[in-house]
Amino acid sequence: MVTSASTAPVRFRKMHGLGNDFVIIDARAGVDQVTPALAQALGDRHRGVGFDQLAVIHADPSADARLTFWNADGSLSAACGNATRCIARLLMEESGAERLRLRTDFDVLIAEEAGNGLTRVNMGRPALDWADVPLAEPHDTVALPLPGAPGALSMGNPHCVFFVSDAEGADIAAQGAEYETHPLFPERTNVEMVQVLAPDRLRLRIWERGVGITLASGSCACAALVAAARKGLAERVATIVVDGGELHGAWRDDGVWLTGPTQKVFEAEISAEFGL
């Protein structure tokens, strides 16, 4: 039976950022009971709730909250930009604050109210050294020795960024599945297909590690921007067009800022019948 220490049903919220959807569990006042098996079961879109990521909110003594992210396959992720923006919106509405410090396994991230229904988060500085991505062996992360010379970096999770002439026609399903588990990436990787529409506008298709094709991803959008700027293909401030809409990214000295909308969907509780 899925219950908290007080035997109360576990409640959750469903939210999304441009179709990148999340189940959010607030464990600040209780016990975090999420396990890999539970995350995978809840992530099943036919027998569970369905999500790209499951996010758990924890109390933190030196930040406004601590966040843990689970992929739909039951694996952990150190960062999730759109889920962080969704949670920031909830916590800012709750507290009345317009700026938050949110601890993740990657870094302490700053989130802010951006006005007009938008929320922004500083996703931190990208890790650009091969060992920090990580790669299995030393390589120049601007251009990996793979077909298409993709770039690589970490935004708290690994990214392999390909640049293509036609993002719409790219076979993201086949190439995403192939490169997610490529031996060069010992922790697997997210895979991005990016078309440069203009120096300040990128078209992005996404294969998310542990999930598959997604309509949007905050960390992937940040990775696309950083990789494009490092190759000299785009400016450090750009609109990133994903399948679900548009995000705005800005790679600054203090990190990569990501701005976009969020949407509440519903609140519910996990049934006692949903046992493992």
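The values are calculated or read from the model by the stated rules, or taken from the named source; none is laboratory data. Not measured: the values here are computed from a predicted model. So basically every Cβ, Gly included, is an ideal-geometry build from the backbone, and we count neighbours across all protein chains shown. Heavy atoms of the whole protein, side chains included, go into the accessibility calculation; ligands, DNA and RNA do not. Shrake-Rupley method; radii C 1.70, N 1.55, O 1.52, S 1.80 Å.
Evaluate 2.2 N^0.38 Å with N set to the residue count of the range 165-276, then give the Cα radius of gyration divided by it. Before the final figure, lay out each step's value.
Working: Rg = 16.2 Å, N = 112, 2.2 N^0.38 = 13.2 Å.
Taking the Cα Rg and dividing by 2.2 N^0.38 Å, one obtains 1.23.
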(message) Counting pairwise Cα distances across the range 1-94, what percent come out greater than 22 angstrom?
(response) 22 percent
(request) Have a look at the chain and give its Rg and Dmax from the Cα atoms, expressed in angstrom. (result) 18.0, 56
(request) Kindly provide log₁₀ I(q)/I(0) values, in the same order as q = 0.13, 0.23, 0.31 Å⁻¹, from the Debye equation applied to equal alpha-carbon scatterers of the range 223-276. (result) -0.50, -0.90, -1.24
(message) I'd like the per residue volume of the convex hull spanned by the Cα atoms of the range 105-202, given in cubic angstrom.
(response) 135 Å³
(message) Could you sort Ser219, Ser165, Ser75, Ser271 by their accessible area in this structure, using a 1.4 Å probe and putting the largest first?
(response) Ser165, Ser271, Ser75, Ser219
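Where nothing but the Cβ of Lys and Arg (+1) and of Asp and Glu (-1) is charged, how large is the charge dipole of the range 171-276 around its Cα centre, in debye to the nearest 20? List each step's numbers first, then the result.
On the way: 10 positive and 15 negative charges, 93 e Å.
Roughly 440 debye, rounded to the nearest 20.
Quick check: residue separation of Phe266 and Ser75 times 0.36 nm, minus the Cα distance between them. What number comes out in nm? Each step should come with its number before you reach the end.
Details: separation 191, 0.36 × 191 = 68.76 nm, distance 2.45 nm.
Once the chain is fully extended between Phe266 and Ser75, it gains 66.3 nm.
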(request) Round to a whole angstrom and tell me the spacing of the C-alpha centers of the range 192-217 and the range 29-43. (result) 28 Å
(request) With an 8 Å cut-off on Cα pairs and a minimum separation of 6 or more residues, tell me the relative contact order of the chain in percent. (result) 20 percent
(message) Can you compute the FRET efficiency between Leu146 and Glu246 using 1/(1 + (r/R0)^6), with r the Cβ-Cβ distance and R0 = 25 Å? Round to the nearest 0.05.
(response) 0.30
(request) Just the number, please: Stokes-Einstein D of the range 67-157 in µm²/s, Kirkwood Rh from C-alpha pairs, 10 °C, 1.306 mPa s. (result) 107 µm²/s
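Hey, any idea what % of the range 115-157's accessible area is carbon plus sulfur with a 1.4 Å probe?
Numbers: 920 of 1800 Å².
Exposed carbon and sulfur together represent 51 percent of the surface.
With the other protein chains left in place, how much accessible area per residue, in square angstrom, belongs to the chain at a 1.4 angstrom probe?
Details: 11330 Å² over 276 residues.
Computed with neighbouring chains in place, this is 41 Å² per residue.
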